[in-house]
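Undergrad: Provided herewith is a single structure, encoded as structure tokens, for subsequent inquiry.
Bear in mind these aren't lab numbers, they're just calculated from the coordinates by the rules spelled out. Bear in mind that the values here come from a model prediction, so they are computed numbers and not experimental data. Cβ: placed from backbone, ideal geometry, glycine included. Neighbour counts: every protein chain shown.
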Ligand SMILES: [Zn+2]
């Protein structure tokens with residue numbers, strides 16, 4: 001079944017699901033826009049987020065499989081993610097494996113449309129109407145090889161100076177993995193991840209050194225965790241928060257630094273104080289505001305992404321999220337996305353080191369403020 005662009009009745013011009021029975025069928029949908037769509041709408045329909053919207057529309061019809069063909073900006077995503085998708089990594093679990101026949105989510109495949117492909121109408125792209133692709137049968141055989149691998153979080157503690165508070169912790173987090181090897185661009189296939197998250201990882205090293213060497217240590221202890229597997233689905237932080245090296249309720253706050261070395265020198269995004277449930281991170285947000293305001297040149301704190309319902313779901317996209325799930329107040333700081341995000345061009349020479357140092361100073365003072373306060377930031 002070809003369902004065109006998967007446009008629903010919310011769309012003024014066409015409803016691509018009208019009159020089609022998708023149950024038990026292989027459904028092909030194009031992540032893109034019909035000819036003549038204006039550029040702003042086209043951008044929405046080709047976006048990464050549109051893929052899950054389309055899958056979400058199709059799933060309730062209980063298809064056998066879904067094939068999403070990416071166009072426009074999505075083509076870039078396909079080229080970047082295809083090598084990754086072939087090497088999925090998941091946390092080891094003791095749960096029994098679900099047999100193929102009981103899978104809730106059907107097989108989902110990504111591809112790019114090619115004129116003449118049996119997955120498309122014969123007259124594609126002129127003919128983009130939803131239709132039964134008569135006489136075509138799609139069979140897939142997926143071979144899975146499971147290889148156990150071990151990844152390591154790296155943790156360190158600066159022991160607090162106050163005997164009544166030193167068994168509690170202010171936690172700092174960053175991730176030291178990146179996306180590995182991508183398709184080569186200009187002969188370079190190594191994704192260095194200088195900003196994502198070399199910047200945060202180095203920042204934590206600097207904070208740890210400053211705190212360890214200070215003549216007076218913070219009153220609470222300070223925990224540093226460099227997480228592994230963030231890019232594979234926050235795996236390291238998921239493991240750490242389920243198997244913490246200190247009692248989980250002794251962590252009074254977690255400060256996460258992910259991508260903190262780019263963009264305009266005054267811009268810093270704050271995520272968590274508004275997005276985290278039950279206002280559990282609100283107080284931490286207020287502390288950040290006052291610590292920031294005390295600097296001679298404070299950052300312009302941007303809270304655009306600090307929402308649990310923002311379409312980019314930034315709040316769910318880095319390691320702080322797993323700490324927040326345990327009820328720990330969190331603040332996630334980032335200098336934001338850029339054109340080199342998850343590309344081989346995320347290189348060290350593009351880091352604004354002066355800015356990275358300023359973010360690091362802000363995080364240092366923020367951690368000190370929480371570590372020296374006898375009151376938990378709730
Ligand atoms: Zn990252």
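Undergrad: In deg cm²/dmol, rounded to 500, what helix-only [θ] at 222 nm does the chain give when every DSSP H run of at least 4 residues adds -39500 (n - 2.57) and the total is split over its residues?
TA: Working: 8 runs with 92 residues, N = 378.
Using -39500 (n - 2.57) per qualifying helix, the result is -7500 deg cm²/dmol.
Undergrad: When you count, for each residue, the other Cβ atoms within 10 Å and take the mean per peptide, how do 188-200, 85-97, 277-289 rank with the highest first?
TA: Most protected by this proxy first, the peptides run 188-200, 277-289, 85-97.
Undergrad: Rounding to the nearest 10 and keeping the result within 0 to 90°, find how far the Cα-based axis of helix 48-58 lies from the longest principal axis of the chain.
TA: Roughly 50 degrees, rounded to the nearest 10.
Undergrad: Here's something else I'd like to know. How high is the relative contact order of the chain, in percent, with contacts defined as C-alpha pairs under 8 Å that are six or more residues apart? Can you show the working numbers first?
TA: Numbers: 686 pairs, mean separation 62.1, N = 378.
The value is 16 percent.
Undergrad: By per-residue mean of other Cβ atoms within 10 Å, what is the highest-first order of 25-36, 168-179?
TA: Working: 25-36: 21.2, 168-179: 25.0.
For the peptides 25-36, 168-179, the packing ranking is 168-179, 25-36.
Undergrad: Please report 38, 128, 15 as a ranked list, fewest other C-beta atoms within 10 angstrom at the top and most at the bottom. Don't skip to the end; give the middle numbers.
TA: Working: 38 8, 128 21, 15 15.
Arranged by neighbour count, lowest to highest, 38, 128, 15 become 38, 15, 128.
Undergrad: Between 0 and 90 degrees, rounded to the nearest ten: what's the tilt of helix 353-372 against the longest Cα principal axis of the chain?
TA: Roughly 60 degrees between the two axes.
Undergrad: Another question, if that's okay. First check a/c for region 1-144, with a ≥ b ≥ c the square roots of the eigenvalues of its C-alpha gyration tensor; if it is under 1.5, answer rounded, and if not, answer prolate when a/b is larger than b/c or oblate otherwise. Write out the running numbers ahead of the final one.
TA: Numbers: a/c = 1.70, a/b = 1.41, b/c = 1.21.
Prolate is the answer for region 1-144, as a/c is 1.5 or above and a/b outweighs b/c.
Undergrad: To continue, here is another question. What's the extension gain from residue 53 to residue 243 if we count 0.36 nm per residue and subtract their Cα-Cα distance?
TA: Separation in residues times 0.36 nm, less the Cα-Cα distance, equals 65.0 nm.
Undergrad: Could you order peptides 341-348, 1-8, 50-57 by the average number of other Cβ atoms within 10 Å of their residues, highest first?
TA: Put in order of decreasing packing, that is 1-8, 341-348, 50-57.
Undergrad: Between helix 200-213 and the chain, what is the angle of the helix's C-alpha long axis to the longest principal axis, kept within 0 to 90° and rounded to the nearest 10?
TA: That works out to roughly 10 degrees.
Undergrad: In addition: If you average the alpha carbon positions of region 105-123 and of region 7-70, how far apart do those two centres end up, in angstrom?
TA: For region 105-123 versus region 7-70, the Cα centre distance is 13 Å.
Undergrad: If you don't mind, there's one more thing I want to ask. Could you tell me the distance between the Cα centroids of region 140-173 and region 297-349, to the nearest Å?
TA: 19
Undergrad: Sticking with this one: With an 8 Å cut-off on Cα pairs and a minimum separation of 6 or more residues, tell me the relative contact order of region 1-144 in percent.
TA: Over region 1-144, the number comes to 29 percent.
Undergrad: Still on this structure, please answer the following. Given an 8 Å cut-off on Cα distances and at least 6 residues of separation, report the relative contact order of region 154-372 as a percent. Don't skip to the end; give the middle numbers.
TA: On the way: 450 pairs, mean separation 66.2, N = 219.
Across region 154-372, relative contact order equals 30 percent.
Undergrad: Shape call for region 61-128 from the C-alpha gyration tensor, a ≥ b ≥ c root eigenvalues: rounded (a/c under 1.5), prolate (a/b greater than b/c) or oblate?
TA: oblate
Undergrad: Under 10 Å, Cα contacts only: if you run a Gaussian network model on the chain, which one of 272, 72, 19 comes out with the highest mean-square fluctuation?
TA: Top of the fluctuation ranking is 19.
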